[in-house]
1. Starting from segment 1-26, keep only residues that are under 21 Å from Tyr43 (Cα atoms), then list their pairs with residues that are charged (D, E, K, R) and in a helix (DSSP H, G or I) whose Cβ atoms are within a distance under 9 Å, requiring at least 6 positions of separation or different chains.
2. Which one is surrounded by the most Cβ atoms within 10 Å (Cβ to Cβ) among residues in segment 1-28 that are β-branched (Val, Ile, Thr) and in contact with a helix residue (DSSP H, G or I) (Cβ under 8 Å, 6 or more places away or on another chain)?
3. Within segment 39-48, is there a residue that is surrounded by fewer than 18 Cβ atoms within 10 Å (Cβ to Cβ) and either within 16 Å of Thr198 (Cβ to Cβ) or aromatic (Phe, Trp, Tyr) (or both)?
4. Say whether the condition of being farther than 17 Å from Tyr127 by Cβ and not assigned by TED's automatic domain parsing to the domain that holds Lys165 is met by at least one residue in segment 97-105.
5. Could you check how many residues of segment 177-212 are free of Cβ contacts under 8 Å to residues at least 24 places away in the same chain and among the charged types (D, E, K, R)?
6. Any residue at all in segment 166-176 that is of a type in the set (A, V, I, L, M) and either surrounded by fewer than 18 Cβ atoms within 10 Å (Cβ to Cβ) or in the same structural domain as Ala130 (by TED's automatic domain parsing) (or both)?
7. Find the residue count for segment 156-210, including only residues that are aromatic (Phe, Trp, Tyr) and not in a helix (DSSP H, G or I).
Amino acid sequence: MKKPINVILVDDHAVVRAGFRMLLSTEDSINVIAEAERGEQAYQLYLEKKPDVMVMDLSMPGIGGLESIRRICSRDANAKIVVFSVHDEKVYVQRALEAGAKGYITKHGHPAILVEAIQKIAGGEIYVEASLLQQHPNQEDSANYQAILQVLSSREFDVFLLLAKGLTVHKIADELCLGYKTVANYGTQIRSKFKVSTVAELAHIAIMLGVMKK
């Protein structure tokens, strides 16, 4: 039997956490191991419990969700955090991904999206709710990214897609039969060209441009 995905829920409303827990309890593949109501508490629990995935609200007392994500990811670069928020504005999505989140979904969506996001992110993928990209298209950004995409070399394009899918540099090196340093250099060049710093942002761009499905 496959090991369940250990999850920590972070939201300052106890009723909301109870609803999340009830939803996730119907999934044999997911196990809620702890809850937190503040960012400081979430940070400590992450270090103690080392969950497979942390579900993080943004609007909370104390340091808040974004700073919690930054602190956790600064301690563990492999942390898998999905934001689950009422905010669907583009700026929140961008800032969460820049902070290190591996996914972003809203509380307005279908409950099943939370389960899907947790499963995808636990499997090493990036997950951004499709409606967030559809609701807030930025034509200028899209045109700029499309122009950059057109000038990527064939190998850069291959690496771009694999990074966007959440593959590690080591896995990409194996898949493309390239050296680790070569792939790492490609990754640096690609992020520089798109002017981003994380693979989550690359995934966001790939989905927005239609070269990768969510």
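1. Cβ pairs passing all conditions: Asn6/Lys49; Ile8/Lys49; Leu9/Arg17; Leu9/Arg21; Val10/Arg17; Asp11/Arg17.
2. Val10
3. no
4. No, segment 97-105 contains no residue that is farther than 17 Å from Tyr127 by Cβ and not assigned by TED's automatic domain parsing to the domain that holds Lys165.
5. Residues flagged as free of Cβ contacts under 8 Å to residues at least 24 places away in the same chain and among the charged types (D, E, K, R) within segment 177-212 amount to 3.
6. Yes: segment 166-176 contains one or more residues that are of a type in the set (A, V, I, L, M) and either surrounded by fewer than 18 Cβ atoms within 10 Å (Cβ to Cβ) or in the same structural domain as Ala130 (by TED's automatic domain parsing) (or both).
7. Adding up the residues that qualify gives 0.
So that you can scan it fast, the table gives a plain yes or no per residue for (1) assigned to a loop (DSSP other than H, G, I, E, B); (2) modelled with pLDDT of 95 or more; (3) within 24 Å of Ile63 (Cα to Cα):
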{"residue": "Lys2", "(1), (2), (3)": "yes, no, no"}
{"residue": "Asp12", "(1), (2), (3)": "yes, no, yes"}
{"residue": "Val15", "(1), (2), (3)": "no, no, yes"}
{"residue": "Ala18", "(1), (2), (3)": "no, no, yes"}
{"residue": "Leu23", "(1), (2), (3)": "no, no, no"}
{"residue": "Asp28", "(1), (2), (3)": "yes, no, no"}
{"residue": "Glu40", "(1), (2), (3)": "no, no, yes"}
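The values are calculated or read from the model by the stated rules, or taken from the named source; none is laboratory data. Values in this document were obtained by computation on a predicted structure and should not be read as measured data. Note: ideal-geometry Cβ built from the backbone for every residue, glycine included; neighbour counts use all protein chains shown.
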